[in-house]
Every structure is written in C-alpha cells, then in structure tokens.
C-alpha cells in the first residue's frame, strides 16, 4: 500500500484586512483566505487538520485531493502565512508550508489624539493696510501612539500678500494648501506659519483664516481642543503720501498735493507730506 503524503499547501482569494470593529486595536485584525491542500493516499479514517496561522478540519470520508478549506480566518500582520496540514489518524503524514502567501498588513492603529490650534501670533486683531498679520497653526500629538503621515490644509486668505515667512514649518513640509508631517511623536508638537501684509483696499473688511483638523494614519478619538479659525478686522488705510486720502482711492498715492480735496485730514508727521509745498508759497507744508 502506497504511503500517505501531503505535497502542497497554497492560499487564494485573500480578503482585505478587517479591523474586527476595534480600529485602535491591531491585535484582533484578521483576514480570510481559501487554503488548498494537495495529498495522496489519505487514511480511511480521521480528519485532515490545518494548523499554524489558520485552523480548519475536515473528515476524510469522501475526501478527494486537492481539498480547499474556504474562508479560513488568519491574523492580518503583513507576514508570511505559515500553515501545516496533518492527517489525524496518520500523524507522520504531515506537511508544513512556511510561506503559503503573504497576509495583509494590519488595518487598526492605536489612537493618536491630534489637537490643531490656530492663533493670531501677530497679536493685533485690528491691523491697518500694510500691517503684517501672522497666523500660527500648531499640531500637538496627545498620544498615546506616535502619529504618522499627518496632514492638514490651510492657505493664506484673500486680502493678504505673503511675506518671506509664509509657509515656514518647524517639522515636515508645506506646499499650499497642504502641510504634511511624516511622523509626530507622542507628546510632540509642530508649527506652521502663515503670514502676509494687509492689501490696499481692505480697510473695513474682515479677513478670516480657517484650517482643517490634522489627520494621520492613526485613529483620532476626539476633536476636543481643536481651534481652527482666526479673524482680523482691518482698521486703517495706507496713506503713503500723508495727504489724508487712502491710497486705494487717492488719484496719486505718491503726490501729497493730489488728493480727494478734503482739507485738514493731512498727516504732518508724514515725511512726504511735510516736505511738499502744496500751496506753492515756497514753504514746505
């Protein structure tokens, strides 16, 4: 009588990773696969048992080769699938395949509580035209896990012209509108600066800057602590020549003797106005 033999174990129809309803716990992530065992001269009694990374069993009654175990559940850990097939009533008839395929990687990640806070670091909530407005966006990882592939979107709002400091970061890189941080350790913070000067014509307008919340690979259990919006109210226009007329409506912003005709609103401390002789009497204003 020819001896029993098992010659191959293979996998097919691997599913995607399933987080088992616990997105912060990778220990119970799993996938399913069909496992095919090729054998010859099976014993007349007992079972064909699958052990290792997956467990299954079938009676040998009427069993033919190859046999496929369907929907075998295994751990999603990204490693090689190690399986052993054995006939229960002929224990020497066994076969191990240490690399029957590759498991999907885990799809659960420990929590990384990311807090996103925007502040008006320039301090003045009522800047004038020409003033510099600076927004500081800080992302803090409150853990417990390190965060990877963190990103948020933010850009300098309309009404401001970027300075050389705009888009500078303490960690990662910024290409408008996206700030990316490859890794942010538990307890660490990173900062993005958005900065610009108030454009001419913005006097009386509100300029608002809003960021999205930072997100990473890990589950973020809470948005508590996020502060995503800051605004300034522009108060005061740019009057280059000191003639009392805002540059945005001044017929010639660089000639103090050409303005809107209003008398008495001039700025005597402005050097351009003070040096001019608008009445032509030979004496500076």
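The values are calculated or read from the model by the stated rules, or taken from the named source; none is laboratory data. Remember, it's a predicted structure, so these values are computed and weren't measured experimentally. In this analysis, Cβ positions are derived from the backbone assuming ideal geometry, glycine residues included, and neighbour counts consider all displayed protein chains.
I need every pair where a residue in the stretch 234-260 that is touching a residue at least 12 places away in the same chain (Cβ under 8 Å) and on the phi > 0 side of the Ramachandran plot has its Cβ under 6 Å from the Cβ of a residue that is buried (at least 16 other Cβ atoms within 10 Å of the Cβ) and not in a loop (DSSP other than H, G, I, E, B), sequence separation at least 6 or different chains.
If the second residue must be buried (at least 16 other Cβ atoms within 10 Å of the Cβ) and not in a loop (DSSP other than H, G, I, E, B), the pairs left are 242/272; 242/273.
When you check residue 61 against the structure, is it in a loop (DSSP other than H, G, I, E, B), modelled with pLDDT of 95 or more and over 38 Å from the mean Cα position of the chain (by Cα), yes or no? Show your work before the answer.
On the way: in a loop (DSSP other than H, G, I, E, B): yes; modelled with pLDDT of 95 or more: yes; over 38 Å from the mean Cα position of the chain (by Cα): yes.
Answer is yes for this residue.
Check every one of the strands (runs of 3 or more DSSP E) wholly within the stretch 83-131 and list those with 1 or more residues that are farther than 30 Å from residue 204 by Cβ and out of contact with any strand residue (DSSP E or B) (no Cβ under 7 Å at 6 or more places or on another chain).
Output list reads 90-97.
Starting from residues that are touching a strand residue (DSSP E or B) at 6+ places or on another chain (Cβ under 9 Å) and at positive phi, keep the ones in the stretch 5-33 and report whichever is surrounded by the most Cβ atoms within 10 Å (Cβ to Cβ).
My answer is 20.
Could you go through the stretch 80-99 and let me know if any residue there is surrounded by fewer than 20 Cβ atoms within 10 Å (Cβ to Cβ) and within 30 Å of residue 185 (Cβ to Cβ).
Among the residues of the stretch 80-99, not one is surrounded by fewer than 20 Cβ atoms within 10 Å (Cβ to Cβ) and within 30 Å of residue 185 (Cβ to Cβ), which makes the answer no.
Please determine whether any residue of the stretch 233-247 is within 24 Å of residue 158 (Cβ to Cβ), part of a strand (DSSP E or B) and in contact with a strand residue (DSSP E or B) (Cβ under 6 Å, 6 or more places away or on another chain).
yes
Does residue 151 count as under 15 Å from residue 118 (Cα atoms) and either touching a strand residue (DSSP E or B) at 6+ places or on another chain (Cβ under 8 Å) or surrounded by 17 or more Cβ atoms within 10 Å (Cβ to Cβ) (or both)?
In short, yes.
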